[in-house]
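Note sheet for the following structure.
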Amino acid sequence: MLKLQKKDMLSIDIGTHTIKLVEGKVINDILSIKKAITVQTPEGSYFDGQVLNIDELQRLIKGTLVSNKIKVNNAIFTLESSTIVTRKINLPNVKETEMHEMIKFEIKETLPIDLEKYVVQYKFLEYFFEEGIQKCKILVSVLPKEIVDNYLMLTKTLKLKPIALDIHSNSNEKLFKSLFKMNENTKISNQTIVVLDMGYNTINLVILKKGIFEFNRIINAGGKNIDENISRLFNISISEAERKKYDIKDINNSSAELDSLRLYNIAKSSIDNWLDQITRMLKYYCSRTPGGTIENTIDAIYIHGGIANLGGIRRYLEASLDIPTFKIEDFSNIDTTKVENDIDLASYINAIGAIIRK
């Protein structure tokens, strides 16, 4: 069941290319969305989870809230960054005060970092018995304090109340774990799935097994690569290339006209580079079992983010990876009827999932 939120929440997902703002709340197991807005991120103000220009971001976000008549005070930010380290560890089930110290000890032993410069967050994934002792599987995330401090400063300058700083993989897990039905598929809760967040600068690969986080990796590639290649091929600006990218109707169409084929092939060359990295990660996950045998399998892939809208990319990924692949279209427990404009849910997954507090 979804946790009841008595008040509306404002969820903000800042990316290098765009900022997503979602206003909504959870009530009676339904995640009700009132507003969903996308604005362009000011150039040079944000990169890889790090707020670089607080004043510029504050002005843009504040102006967006005012112009869209959003008066919600409770703010949640969600982010992803290559500087965030996640680990799954198994520990004896002890009191929370003891658990925190045990987790810090484990992190010090396994990661070559100065913990004084990091913030440690953790969540319980599941409980189990081993040799008669109750243990728990814990997901630990370690974030640089500089990132956390800058987000707190941004929240303060916006005069918002900070509720949480979430990460995309956790937002995804909460959403997929709590959904009733997605794309009319009722089997997800029993499956091992890959969720691919296909962004502008990065692709975040998250694996969930029966709704529980298993694995994630960030690929430093994304829609920007396609734009740059199109820009070079057709000798046009990056902004023109970005618009031209969405002229692609179906990259699987081999009988298109010559100019279209050139466009399709340049897009596929970037996607093929992504696929090399995605394939390596999936092979690593599928072979990663205690006994060394290949027991992990992937049942399906679900894609979201801006590049998920590229013509034919779903079928291209499915054929290349030989795994059923779907673009996220709808959730049965997400109500968007109050949103004035039509929204592409696939573009707001991270911000929507962060509204769920568990």
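The values are calculated or read from the model by the stated rules, or taken from the named source; none is laboratory data. Because the structure is predicted, anything quoted here is derived from the model rather than measured. Because the Cβ atoms are built from the backbone with ideal geometry, glycine has one as well, and the counts that use them run over all protein chains shown.
Give me a count of the residues in the stretch 316-343 that are part of a loop (DSSP other than H, G, I, E, B) and farther than 20 Å from ILE70 by Cα.
8
Just wondering, is there one or more residues in the stretch 221-232 that are touching a helix residue (DSSP H, G or I) at 6+ places or on another chain (Cβ under 7 Å), of a type in the set (Val, Ile, Thr), in a helix (DSSP H, G or I) and surrounded by fewer than 22 Cβ atoms within 10 Å (Cβ to Cβ)?
Checking the stretch 221-232: not a single residue is touching a helix residue (DSSP H, G or I) at 6+ places or on another chain (Cβ under 7 Å), of a type in the set (Val, Ile, Thr), in a helix (DSSP H, G or I) and surrounded by fewer than 22 Cβ atoms within 10 Å (Cβ to Cβ).
Surrounded by fewer than 20 Cβ atoms within 10 Å (Cβ to Cβ), within 17 Å of the chain's Cα centre (by Cα), basic (Lys, Arg) and under 15 Å from LYS88 (Cα atoms) - does that describe any residue in the stretch 200-216?
Taking every residue of the stretch 200-216 in turn, at least one turns out to be surrounded by fewer than 20 Cβ atoms within 10 Å (Cβ to Cβ), within 17 Å of the chain's Cα centre (by Cα), basic (Lys, Arg) and under 15 Å from LYS88 (Cα atoms).
I'd like to know if the stretch 113-122 contains one or more residues that are touching a strand residue (DSSP E or B) at 6+ places or on another chain (Cβ under 9 Å), within 28 Å of ALA75 (Cα to Cα) and not in a strand (DSSP E or B).
Taking every residue of the stretch 113-122 in turn, at least one turns out to be touching a strand residue (DSSP E or B) at 6+ places or on another chain (Cβ under 9 Å), within 28 Å of ALA75 (Cα to Cα) and not in a strand (DSSP E or B).
Right, ILE307: in contact with a strand residue (DSSP E or B) (Cβ under 7 Å, 6 or more places away or on another chain) and surrounded by fewer than 20 Cβ atoms within 10 Å (Cβ to Cβ) or not?
no
When the residues of the stretch 246-301 are filtered to those that are charged (D, E, K, R) and not in a loop (DSSP other than H, G, I, E, B), which remaining residue is modelled with the lowest pLDDT?
It comes out as ASP259.
Under the condition of being surrounded by fewer than 16 Cβ atoms within 10 Å (Cβ to Cβ) and under 19 Å from PRO92 (Cα atoms), which residue from the stretch 107-124 is nearest to the chain's Cα centre (by Cα)?
LYS123
Hey, among the residues in the stretch 243-260 that are surrounded by 15 or more Cβ atoms within 10 Å (Cβ to Cβ) and without any contact (Cβ under 8 Å) to a residue 60 or more places away in the chain, which one's nearest to HIS17 (Cα to Cα)?
Looking at residues that are surrounded by 15 or more Cβ atoms within 10 Å (Cβ to Cβ) and without any contact (Cβ under 8 Å) to a residue 60 or more places away in the chain, I get LYS244.
Across the stretch 82-109, what is the total count of residues that are out of contact with any Phe, Trp or Tyr (no Cβ under 6 Å at 6 or more places or on another chain), free of Cβ contacts under 8 Å to residues at least 40 places away in the same chain and more than 23 Å from ASP48 (Cβ to Cβ)?
Residues meeting the conditions: 14.
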